[in-house]
Every structure is written in C-alpha cells, then in structure tokens.
Amino acid sequence: MSLRTALFTLLLIIPFFSFAQEMDTKVDSTSKAPMKPPHQDMLFVDLTWDYLTGLPAGVEQKWYGRGVNTGLVYDHPFNKDGSVSGAIGASFASHNYYLNAVVNRYDSNEVNYSEFQVVGDTILDRGKISINYIDVPLELRFRTKLNEKGMRWKFAVGGKVGYLVNVHEKLIDKDGIKIKTYNYPNVTQIRYGLSARAGYGAIMLSAFYSLSPFFEAANSTTNQQSFSVGISIVPF
C-alpha cells in the first residue's frame, strides 16, 4: 500500500464520519434522555520526523527522514464529561529513512543476517529505506474541561502493535540510475512500542518509540531502534 493510496482512502472516509457525528448531535439535541458522554478524537493524522538509533559506525542519516501515520479509533469515555477515556483502533504508518548506506545480507553459521553497510559517495548519490506497518493503537486519554472557546487541552499515553506490510529500498547512483529492492526478510515483522500525544484543540504533538529492533534480533549483530516525533492533526 502506497502513501498516496492511504491518503486518498483517508479523504474518502472523513466525510462519512463527519456526517455520522452531525447526525448523532442532532439526535442528542432533540432527545429527552440524558446525553451520553461524547466520543472524541476518533481520527488522527500524524506528520512525523523519523530517526534510527544505534546505527553502525560511519552510517549517517539525513535530517529529513519523514513519514505519515493515520488511523481511526473508537473512543470510550470513562466519565460523564469525557475528560478521561480509552481508545483502540487501527492505523497505517509509513516511515522513510535516508542513509548513506544499504542493507547488506550475508550468511554465517547457516543464519542469514542483515546489517547497514556504508556505500561510498563515488557510487551512491542518495538512498532511502521505507517501511509500512498496519498498527493497532491503544491509548489512555485525559482532557481538561471545555474553555470559553469550546476547546480543551488533551494528553494521551499508550502504545501500539503493528504488522509489517511492505519494505523496500530505493537507491540512486551517480549516473542517476534508480534501483528498487523489495526482498528484506529480516526486518521485524511484528513491532511494538510506546506512544504519547499532547496538544490543544485539533493540533497535538505526537511521539512513538519502538521497543522492538529494526531487524529481527536473531538476524542482526547490531541493534537499531526507531522513533518518530511529529505534529498530530485530530479533526474530530
């Protein structure tokens, strides 16, 4: 699944949920029964800066590693005003890391290993490795009371578990020739990590730190961890 496809799908989904939320509001305003706590912050789009830690000596990252993470969750209020709630759902994440290295695969003692290996400037002009995960996020959320503008401060802590759906490496050599490679069996298939959000209204800051390594532990002699920080847009 490409980043363009994910964003197009998101644009199709947003009007449906906006309409559903409007209908719920109308029903609540005409009903004599006590209004239920609102379901809030069900859609999010994170624009992230992506980084890898623990890279081998000589491997350098460009500063503009970037990604996107978008998802839909069910928000369940724990109290009457919805100031404390829990959320679970599904999301799609695309991460891009720009390096002066390529993934080198080799066999040792009947085990296949993967490591990042530096490529000289005389050969490699630029390189990128991209990974896509389908995640299940879980959050515990806290909100302040509504102010006179109808806005709240919001905080959330949690984590997510994800399944790898795509990984590829794109290299451009000094002659402008582009090479894409898709065979990377040692990239971690199941990832898990911690997440947090904080912000005001529809704009928040987001962070995610992966507790699982970039490569499967049994198939790498080094240990890279990934983390992302960014801006989170939460329209409703």
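The values are calculated or read from the model by the stated rules, or taken from the named source; none is laboratory data. Everything numeric here is computed off the predicted structure, so don't read it as measured data. With ideal geometry, Cβ positions are generated from the backbone for all residues, glycine too; neighbour counts draw on all protein chains shown.
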Where residues in segment 19-69 are surrounded by 13 or more Cβ atoms within 10 Å (Cβ to Cβ) and at pLDDT below 50, which of them is nearest to GLY230 (Cα to Cα)?
GLN21
Can you name the number of the only condition in (1) touching a strand residue (DSSP E or B) at 6+ places or on another chain (Cβ under 8 Å); (2) without any contact (Cβ under 8 Å) to a residue 40 or more places away in the chain; (3) not in a strand (DSSP E or B) that TYR106 fails?
(3)
Applying the selection to segment 90-111, what residues are modelled with pLDDT of 95 or more and either on the phi > 0 side of the Ramachandran plot or among the polar types (S, T, N, Q) (or both)?
SER91, SER94, ASN96
Take residues that are within 18 Å of the chain's Cα centre (by Cα) and without any contact (Cβ under 8 Å) to a residue 24 or more places away in the chain and tell me which of the strands (runs of 3 or more DSSP E) falling wholly in segment 143-220 contain 3 or more.
203-210
Hey, can you tell me all the residues within segment 147-184 that are surrounded by 15 or more Cβ atoms within 10 Å (Cβ to Cβ), among the charged types (D, E, K, R) and within 13 Å of GLY127 (Cβ to Cβ)?
GLU169, LYS170, ASP173
Please find, among ASP75, ASP81, ASP107, the residue that is surrounded by 14 or more Cβ atoms within 10 Å (Cβ to Cβ) and either out of contact with any Phe, Trp or Tyr (no Cβ under 9 Å at 6 or more places or on another chain) or closer than 23 Å to LYS180 by Cα (or both).
ASP75
Mind checking whether some residue in segment 171-194 is under 22 Å from GLY71 (Cβ atoms) and at pLDDT below 95?
no
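I'd like to verify a number: residues in segment 203-222 that are surrounded by fewer than 15 Cβ atoms within 10 Å (Cβ to Cβ) and in contact with a strand residue (DSSP E or B) (Cβ under 9 Å, 6 or more places away or on another chain), how many? Break it down stepwise before answering.
Of the residues in segment 203-222, the ones surrounded by fewer than 15 Cβ atoms within 10 Å (Cβ to Cβ) are 203, 205, 211, 217-218, 221.
Now restrict to residues that are in contact with a strand residue (DSSP E or B) (Cβ under 9 Å, 6 or more places away or on another chain): 203, 205, 211, 218, 221.
Looking only at that region, the number is 5.
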So which residues in segment 61-102 are among the β-branched types (Val, Ile, Thr) and within 20 Å of LEU138 (Cα to Cα), if there are any at all?
VAL68, THR70, VAL73, VAL84, ILE88
With respect to ASP135, determine if the residue is assigned to a strand (DSSP E or B), at pLDDT 95 or above and of a type outside the set (S, T, N, Q).
yes
